[in-house]
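To start, the structure itself, in structure tokens.
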Amino acid sequence: MTIKEASEKLKSGEINSVELTEQYLDKIRELNPKINAYITVLDDIAMKMAKASDKRRKNGEVLSEIDGIPIAIKDNMAMDGTKTTAGSKILENFISPYDATVISKLKNAGAVILGKTNMDEFAMGSSTETSYFGPTKNPADIERVPGGSSGGSAAAVAADMCVAAIGSDTGGSIRQPASLCGVVGFKPTYGMVSRYGLFAMASSLDQIGPMTKNSEDAEILFNIIAGYDEKDSTSVNQKSEIRNQKNIRIGVPKEYFAEGLDPEVKKIIEQAIESYKKLGAEIKEISLPNQKYALSTYYILMPVEVASNLARFDGIKYGYRAGAENLIDTYFNTRAEGFGEEAKRRIMLGTYASSAGYVDQYYNKAQKVRALIKKDFDEAFKEIDFIMGPVSPTTAFKIGEKTDDPLTMYLSDIYTISVNLAGLPAISIPAGKIDKLPVGLHIIGPQFSDNNIIELARQQDGIQGASIS
Amino acid sequence: MAIKKEDVEHVAKLARIKISDEEKEKFTEDLGKILNYVEELNAAPTEGVIPVAQISNLENIARDDTITESLPNEKVLENAPEKDGKFIKVKKVFE
């Protein structure tokens with residue numbers, strides 16, 4: 001069921017929020033043992049929220065289009081009085097003492113929060129396999145990964161274990177799982193959605209966004225969670241521009257279709273782009289010459305920010321604390337036992353790349369290349385309005401297939417990473433399937449073109465299986 | 001290899017993570033591969049380019065230095081691994 005459908009049923013009285021919420025909790029009880037999309041299910045809280053929503057509706061005090069609608073949240077966003085684990089042992093028993101701004105906004109809109117979804121540990125991964133709570137399975141084929149790091153949210157939407165979900169995207173963590181699970185995933189312009197209460201992975205790249213069954217729903221949720229927030233100093237006080245969508249020019253970067261892209265994925269993406277041509281768009285080949293450096297740039301900048309952000313997990317004020325003889329060993333043992341392998345790998349890489357003697361060679365160099373990557377996009381958007389291409393080079397891979405070699409796993413994000421480095425908005429929408437495995441089309445726009453991207457994506461709602469109920 | 005086992009030991013110490021001998025081998029290999037991969041950045045034409053730490057176009061966001069309500073002590077202390085009354089308990093700082 002989509003937000004639109006659910007909201008119409010609530011409006012007509014065909015169903016109330018308590019019934020709708022019960023229906024979804026039943027579905028979670030049935031499917032979660034198989035899919036493992038949720039880390040925490042908030043049965044009691046969800047039912048309370050549903051009852052309050054029904055009461056509001058009876059009194060004619062409906063708060064928004066999502067009032068009474070059951071939604072899932074990635075488990076790296078703080079929700080007052082509930083567990084927030086970030087998929088890590090180190091926060092296994094952590095209870096958030098406050099609400100993230102996104103949670104406050106959803107609560108103020110009357111949403112029912114069903115639970116917290118599974119994710120790679122601290123959002124570090126492309127398959128949800130680094131979660132301390134076990135991998136999430138792809139509903140299209142449970143032997144395969146749902147993508148990551150917002151794999152729990154993507155799988156929950158795909159398997160209809162929630163009406164819609166919220167994810168976060170640092171290098172592709174909303175769009176890549178959306179692509180692999182066949183749902184819509186939107187990463188807004190950096191600064192459009194407050195990061196207050198989002199457990200930081202790489203602060204200059206992290207952004208929260210909706211994961212939904214179609215683009216119309218993505219627009220509804222985005223409009224609710226977006227907005228300036230003084231609690232996030234990188235929050236921008238600017239509305240997304242709505243521009244004339246006639247005679248649009250779509251750029252197709254040749255670098256996105258080079259080696260490494262699965263030929264069948266390529267075919268589907270080319271067909272999807274072609275369908276926009278039929279709708280009147282002009283298609284143009286473009287070049288993003290520094291795109292080839294995106295992955296390397298990201299794997300320097302991101303770990304440096306990770307090493308800094310994750311320094312707070314030391315076993316002192318909150319979270320897991322390991323036994324030790326003295327204070328220094330409390331730190332060493334807590335972090336050895338509390339973090340998983342990928343978290344340790346990235347902390348060490350980031351520590352190395354920012355340490356004395358190496359900071360120029362790695363961190364400062366990568367910051368310069370980031371400027372070049374952004375400039376490529378700025379130049380491109382002088383000639384065209386949007387960029388289209390693949391989200392992921394392949395369809396969902398088998399669980400365990402890429403866990404032995406970190407670099408192979410990192411390559412899953414080759415098309416999504418540069419968007420975060422440049423702070424741009426981008427969406428993944430279902431474009432087709434290979435056997436039963438979904439393929440997502442990537443639409444990228446200039447900063448603050450958020451609503452325009454979604455409008456463009458909406459032209460595909462209901463086409464090519466781009467919509468699931 | 002771009003990184004030696006001693007470097008990994010040093011970095012683990014800086015990052016306050018105890019690592020086993022087995023992990024030392026594994027991380028030396030993994031980090032070496034990643035560092036070799038990112039070597040390609042040396043070819044990027046960055047002469048005269050100003051490095052960017054973020055891309056929001058915002059600068060110097062400050063707020064007034066006023067006292068506002070903060071989280072209640074008891075609530076925050078609920079997450080402390082060990083406590084003693086209003087205090088978080090830790091191992092001795094001074095021997």
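A short reminder: the numbers here are calculations on the coordinates, not readings from a lab. Since we're looking at a predicted model, the values are computed, not measured. Cβ: placed from backbone, ideal geometry, glycine included. Neighbour counts: every protein chain shown.
Let me have the 222 nm mean residue ellipticity of chain A computed from DSSP H runs of 4+ only, each contributing -39500 (n - 2.57), with the sum over all residues rounded to the nearest 500. Mind showing how you got there, number by number?
On the way: 15 runs with 175 residues, N = 469.
Taking each H run of at least 4 residues, the total per residue is -11500 deg cm²/dmol.
Starting with the highest mean, order A:3-15, A:132-144, A:409-421, B:69-81 by the number of other Cβ atoms within 10 Å, averaged over the residues of each peptide.
Details: A:3-15: 15.8, A:132-144: 20.9, A:409-421: 25.4, B:69-81: 12.5.
Ranking, from highest mean packing down: A:409-421, A:132-144, A:3-15, B:69-81.
Measure nothing but the geometry: give the 0 to 90° angle between the long axis through the Cα atoms of B:5-14 and the longest principal axis through the Cα atoms of chain B, rounded to 10°.
It works out to around 20 degrees.
Sorting check: for A:258-267, A:349-358, B:55-64, which peptide has the highest mean count of neighbouring beta carbons within 10 Å, and how do the rest follow? Could the numbers behind the result be given before it?
Values: A:258-267: 13.3, A:349-358: 20.2, B:55-64: 10.5.
In decreasing order of mean packing, A:258-267, A:349-358, B:55-64 become A:349-358, A:258-267, B:55-64.
Can you give me the Cα centroid spacing of segment A:385-401 and segment A:198-238 in angstrom?
Using only Cα atoms to place each centre, the spacing works out to 22 Å.
Quick one: which of A:392-400, A:160-168, A:450-458 comes out on top by average Cβ neighbours within 10 Å, and what's the full order, highest first? Don't jump to the answer; show the numbers that get you there.
Details: A:392-400: 20.3, A:160-168: 27.9, A:450-458: 23.0.
Result, highest mean first: A:160-168, A:450-458, A:392-400.
Hey, if you put +1 on the Cβ of every Lys and Arg and -1 on every Asp and Glu Cβ in the protein assembly as shown, which of A:411, A:234, A:251 ends up farthest toward the positive end of that dipole?
A:234
Let me spell out the model: positive unit charges on the Cβ of Lys and Arg, negative unit charges on the Cβ of Asp and Glu, origin at the Cα centre of the protein assembly as shown. What dipole size does that give, in debye rounded to 20?
Details: 69 positive and 82 negative charges, 121 e Å.
Here the protein assembly as shown has a charge dipole of around 580 debye.
List the lysines whose alpha-carbon lies under 23 Å from that of residue B:91, not counting same-chain residues fewer than 8 positions away?
Reachable lysines: A:89, A:317, B:13, B:18, B:75, B:83.
Would you mind ranking A:381, A:186, B:27 so that the residue whose beta carbon has the fewest other beta carbons within 10 Å leads the list? Working shown, then result.
Values: A:381 20, A:186 30, B:27 24.
By the 10 Å Cβ count, ascending: A:381, B:27, A:186.
Which one of A:41, A:276, B:15 is farthest out on the positive end of the charge dipole of the protein assembly as shown, using unit charges on Cβ (Lys, Arg +1; Asp, Glu -1) and the Cα centre as origin?
Of the listed residues, the answer is A:41.
Take every Cα pair under 8 Å in chain B that's 6+ residues apart, average their separations, divide by the length, and report that relative contact order as a whole percent. If you can, show how the numbers build up before the last one.
Working: 33 pairs, mean separation 18.5, N = 95.
Once divided by the residue count of chain B, the mean separation gives 20 percent.
What is the mean number of Cβ atoms from other protein chains located within 10 Å of the Cβ atom of each residue in peptide B:36-49, rounded to a whole number?
Values: counts 1, 7, 14, 2, 6, 11, 3, 2, 12, 6, 10, 1, 1, 8.
Mean partner-chain Cβ count within 10 Å for B:36-49: 6.
At a threshold of 8 angstrom on Cα-Cα distance, excluding pairs fewer than six apart, so keeping six or more, what relative contact order does chain A reach in percent?
Numbers: 1143 pairs, mean separation 84.2, N = 469.
Relative contact order comes out at 18 percent.
Return the average number of partner chain Cβ atoms within 10 angstrom of each residue Cβ along peptide A:324-333. Each step should come with its number before you reach the end.
Details: counts 2, 1, 4, 6, 2, 3, 4, 5, 7, 3.
Per residue, the average neighbour count from other chains is 4.
Which whole-number percentage describes the relative contact order of segment A:358-460, with Cα contacts under 8 Å and a sequence gap of 6 or more?
Values: 116 pairs, mean separation 30.9, N = 103.
For segment A:358-460, the relative contact order is 30 percent.
For a footprinting-style exposure proxy, rank A:121, A:285, A:65 by other Cβ within 10 Å, fewest first.
Details: A:121 29, A:285 9, A:65 21.
Listing A:121, A:285, A:65 from fewest to most nearby Cβ atoms yields A:285, A:65, A:121.
Would you mind checking the pairs A:51/A:137; A:34/A:436; A:137/A:398 and listing those with alpha carbons more than 21 angstrom apart?
Numbers: A:51/A:137 32 Å; A:34/A:436 18 Å; A:137/A:398 10 Å.
Violating the 21 Å Cα-Cα cut-off are A:51/A:137.
Return the equivalent ellipsoid semi-axes of the protein assembly as shown as a descending list in whole Å, where each equals the square root of 5 times an eigenvalue of the C-alpha gyration tensor. Write out the running numbers ahead of the final one.
Details: eigenvalues 231, 196, 96 Å².
Equivalent ellipsoid semi-axes, largest first: 34, 31, 22 Å.
Could you compute the FRET efficiency for residue A:44 and residue B:47, with r as their C-beta to C-beta distance and R0 at 60 Å, rounded to 0.05? Before the final figure, lay out each step's value.
Working: r = 61 Å, r/R0 = 1.01.
Here the calculated transfer efficiency is 0.50.
Hey, can you list the DSSP H helices of chain A whose Cα span along the axis is 20 Å or longer and whose average Kyte-Doolittle score is at least -1.0?
Helices passing the filter in chain A: A:17-35, A:263-278, A:294-309, A:365-383.
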